[in-house]
Amino acid sequence: MKRKRIVSGMRPTGKLHLGHLHGALLNWKKLQEEYDCFYFIADWHALTSEYSDTGIIRESINDIIIDWISVGLDPEACTFFIQSQIKEHSELHLIFSMITPLPWLERNPTYKEQLTELSQKNLSTYGFLGYPVLQAADILMYKANGVPVGEDQAPHVELTREIARRFNHMYCQVFPEPDVLLTPTSKLLGIDRRKMSKSYDNAILLSDSEEDIDKKVAQMITDPQRARKTDPGDPAVCNVFSFHEMYTNSETVERIGGECRSAGIGCVECKKIMAAGLEKGLEPVRERRKELEADTKKIEEIIAEGNARAQSIAIETMEEVRRAIKIE
Ligand code: SF4
């Protein structure tokens, strides 16, 4: 039976971290068992915020593909491709931009939020307002049945559905309306207890060495009520404990929880135990990463194959689209 298709992408704006792993990649890995997966590097999307200094985009592409494979995404089972290499996305984006009413974009909740959050960058651009239209083109190009996204991105998929509906209604039925496949939000915060993000400089990277991890874990903010070792703590509000729950064996997690509440363990010792578990958990990723870094030719081949697979579908979709709008 033909598998249902899903499409999802990542912006190449730096190395991937544990937030990406627990907030997207482990889910993508599960989905590859069941779906025909198209995972792409959204380099044109990265331009919306990195347009004045694009160096990071090129630098990050191979790194991200290496991270994907290192955590267990299978390039044989999935299609990995680079958005900017499939020029058809820009044509479909342009056509969708003609039929998308401006208020649909202006009401987008993440638009206003990001304008405030990334206030150090000038995002008052046409491209930034319109990036959900480009996303719609990325998704609908492959006639995806579903899009795995976090809750914050769900309104964008809704917009994609609206654009598909409008196109089908105006011209003829070309696009299916994709479902949102909601990805649970990662519980792991950055070392400063804000959302883990490269731009906050608070992330533990998948490519970090053991020394890097030790240093970052030592800096992690714990339960603010535990000013002294003799103060009892509350693991439920401690980010270090959330990491324990993912990377330490369950017996030790239970013991640490009790000892934290009774002030029987200090945060320094607790962090050391967590760092050791985290390093062990990431060891296979690091090992695989090393092998792949030594074989850049293989990475280039994987990208070229994925691009070719994606483009053959994009060419067919665009033929249909051009016929539908009667501009061929
Ligand atoms: S002992 Fe561990 S769980 Fe408790 S506050 Fe300190 S770091 Fe957090």
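The values are calculated or read from the model by the stated rules, or taken from the named source; none is laboratory data. These numbers come from a predicted model, not from an experiment. For neighbour counting, all protein chains shown are included, and Cβ atoms are generated from backbone atoms with ideal geometry for every residue, glycine included. Accessible surface is based on the protein model in full, side chains and every heavy atom, while ligands, DNA and RNA are left aside. Shrake-Rupley method; radii C 1.70, N 1.55, O 1.52, S 1.80 Å.
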Candidate lysines - alpha carbon under 17 Å from K4, same-chain residues fewer than 8 apart omitted | K29, K30, K143
Lysines with Cα under 26 Å of K215, excluding same-chain neighbours fewer than 8 positions away | K15, K187, K195, K198, K229, K271, K272, K280, K290
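Over 39 Å apart: what share of the alpha carbon pairs of the chain falls there, rounded to a whole percent?
The share of Cα pairs beyond 39 Å in the chain comes to 20 percent.
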Relative to the compact globular guide of 2.2 N^0.38 Å, what is the alpha carbon radius of gyration of region 210-301, as a ratio?
-> 1.35
Dipole size in debye (nearest 20) for region 186-328 around its Cα centre, Lys and Arg Cβ +1, Asp and Glu Cβ -1?
-> 500 debye
Cysteines without a disulfide-compatible partner [the chain; Cβ-Cβ under 4.7 Å] = C172, C238, C260, C267, C270
Which of H156, H89, H169 fluctuates most in a GNM of the chain (C-alpha springs under 10 Å)? That residue is H169
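Looking at the chain, do any whole DSSP H helices span at least 20 angstrom along their long axis by alpha carbon and average -1.0 or above on Kyte-Doolittle, and which?
Long hydrophobic helices here: 55-70, 154-170, 267-293, 296-325.
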Please give the per residue accessible area of region 1-90, computed with a probe of 1.4 Å over protein heavy atoms only, in Å².
-> 40 Å²
May I ask you to compute the full-extension gain from Q120 to E287, defined as 0.36 nm times their residue separation minus their alpha-carbon distance, rounded to one decimal in nm?
-> 56.4 nm
Each residue of region 191-207 in turn: what ³J(HN,Hα) in whole Hz from Karplus with 6.51, -1.76, 1.60 and θ = phi - 60°, glycine and Pro shown as x?
-> 5, 9, 6, 8, 3, 5, 7, 4, 6, 8, 6, 10, 9, 9, 7, 5, 9
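Quick one: pull the percent of accessible area on the chain belonging to carbon and sulfur, 1.4 Å probe, ligands and nucleic acids left out.
Solvent-exposed carbon and sulfur of the chain make up 51 percent of the total.
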Other-chain or far-sequence residues with amide H under 5 Å of D36's (modelled H) | K4, R5, I6
How many Å² of accessible area per residue for region 94-225, probe 1.4 Å?
-> 51 Å²
